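Worksheet: the structure to be examined is printed underneath.
Only the coordinates and a few stated rules stand behind these numbers; no lab work does. None of these values were measured; they are calculated from a predicted model. Every residue, glycine as well, gets a Cβ built from its backbone with ideal geometry; the counts of neighbours run over all protein chains shown.
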Amino acid sequence: MSDPDRSRPTRSSYRVWRTATTRWSDDDVYGHLNNARYFDLIDTAVNAHLHDATGSDIRTLPAIGVVAEVTCRYFAEMGYPRPIEMGLAVERLGTSSVVYRVGLFQGDGDEACAEGRFVHVYVDNTDPARPTTPVPDAIRAVLSPLVV
């Protein structure tokens, strides 16, 4: 029996969307999107959504999300010049951490070309030691609808 969590995700697996433009320099010498660019897209999907949905500069909040983990599973090649659609969902919204899933799609297909897992742990941005702190209410409010 296959593990459903390891299956190739489809567009219906995600709650909000944004589009990224690809650039000539995004492709590597093999003619497909460079691995580092996937991680840029995953980071951008999460943080751009938080910025837009809260209407604030998330870098200046009293509690901020720092990256504790990021991974990517690859299913199909992507590359310049077609845009990439980024789907975002929240897998887990905990007390002080959030686990996101980011699907990357190129073209009209229903299956993801890649999927990232991105974990934020919230820390106190006013304390130089940055102790762990609860996810701020403003962040929790915009992420709750994205929980799958």
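Charged side chains reduced to their Cβ positions (Lys and Arg at +1, Asp and Glu at -1) give the chain a dipole of some 180 debye around its Cα centre. The C-alpha atoms of the chain define a longest principal axis, and helix 35-54 lies at about 50 degrees to it. Net charge in the neighbourhood of residue 39 (other residues with Cβ under 14 Å of its Cβ; Lys, Arg +1, Asp, Glu -1) is -3. Considering the chain, its Cα convex hull presents a mean projected area of 10.0 nm².
Most tightly packed first, judged by the mean number of other beta-carbon atoms within 10 Å of their residues, the peptides 53-65, 17-29 read 53-65, 17-29.
Within the set of other residues whose C-beta is less than 12 Å from the C-beta of residue 53, count the net charge using Lys and Arg as +1 and Asp and Glu as -1.
Taking every other residue near residue 53 into account, the sum is +2.
Residues whose amide H lies under 5 Å from that of residue 135, counting only those 5 or more places away or on a different chain, are 96, 97; hydrogens are built 1.01 Å from N in the peptide plane.
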